[in-house]
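Taken together, the values in this text are just the output of simple stated rules run on the coordinates, not laboratory data. This structure is a prediction, so every number in the text was calculated from the model and none was measured. Methodologically, a virtual Cβ is constructed for each residue, glycine included, from the backbone with ideal geometry; neighbour enumeration extends over all protein chains shown.
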Ligand code: G6P
Ligand code: MG
């Protein structure tokens, strides 16, 4: 039986990818290049500094010092936070609130396991913070996904055994992290990209508690 559900944030609870994309694009443009929405797919679930490295690579930009890179990431985050500060609960993805509530009603513990350092800002804007028993985010982990650290810490915070946790993820690195942590996985997105997940659905509006017991 399932003790806990651990949710990634970006792409599972809310679609912030578009804001990340706009902010990174603006940074790339100031550096004199551009990148596509297709390339942006590769940034899903990837930490801020690792995303910057990928983007600089696409622009063929080498030789930036650590200090310059930190300044660029900080600038991007300022643009990003300007956008997320305007978010409202209307931006919660279909079925997300309802599914988390149904977990809680069934005495299943809930946590967020996200790479984002902006997790709490986003949860507060969406008025979802009270629905999670634990929040493990980019400020509380050292090793990014696909390392299982974020989900293992989530399971520990919920007093749940990994084998009795289900992780909901839209990024391949996140599915890999959950598997490495010994957890079951529900992929949110397309079965092509999330082939390793136990089940793949298009969104939390398509998940029921009955489905989970059969994983
Ligand atoms: C999530 C998103 C990534 C983002 C990362 C860090 O994993 O999918 O696109 O880069 O969080 O987010 P942050 O808010 O800390 O820059
Ligand atoms: Mg995600």
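Which whole-number percent gives the relative contact order of the chain, counting Cα pairs below 8 Å spaced six or more residues apart?
27
Quote the convex hull volume per residue of the chain, based on C-alpha atoms, as a whole number of Å³.
Enclosed volume per residue, from the Cα hull, is 110 Å³.
Shape verdict for the range 91-215, please, from the Cα gyration tensor: rounded (a/c under 1.5), prolate (a/b greater than b/c) or oblate.
In terms of gyration-tensor shape, rounded.
If you build a Gaussian network model of the chain, linking Cα atoms that sit under 10 Å apart, which residue out of 17, 155, 71 swings the most?
71
If you take the beta carbon distance between residue 15 and residue 105 as r and set R0 to 22 Å, what does 1/(1 + (r/R0)^6) give as a FRET efficiency, to the nearest 0.05?
0.30
Return the distance in nm (one decimal) between the two label points of a simple spin-label model at residue 83 and residue 41, each offset 7 Å from Cα along Cα→Cβ.
That separation, rounded to one decimal, is 1.9 nm.
Give the calculated FRET efficiency between residue 208 and residue 163 to the nearest 0.05, with a Förster radius of 22 Å applied to their Cβ-Cβ distance.
Between residue 208 and residue 163 the formula returns 0.55.
Can you give the angle from 0 to 90° between the axis of helix 96-105 and the longest principal axis of the chain, with both taken from C-alpha atoms, to the nearest 10?
30
How much mean residue ellipticity at 222 nm does the chain get from its helices, if each DSSP H run of length 4 or more adds -39500 (n - 2.57) and you divide by all residues, to the nearest 500 deg cm²/dmol?
Helices in the chain give a 222 nm mean residue ellipticity of -12000 deg cm²/dmol.
Label points 7 Å out from Cα along the Cβ direction at residue 127 and residue 142: separation in nm?
Between residue 127 and residue 142, the label points sit 4.0 nm apart.
Give the Rg (one decimal place) followed by the Dmax (whole number) of the range 101-155, computed from C-alpha coordinates and expressed in Å.
That works out to 11.6, 33 Å for Rg and Dmax.
Cα centroid distance between the range 95-164 and the range 1-42, in Å?
If we compute the Cα centre of each part, the gap is 18 Å.
How long is the range 35-151 along each principal axis, judged by its Cα atoms, biggest number first, in Å?
Per principal axis, max minus min of the Cα coordinates gives 53, 31, 26 Å.
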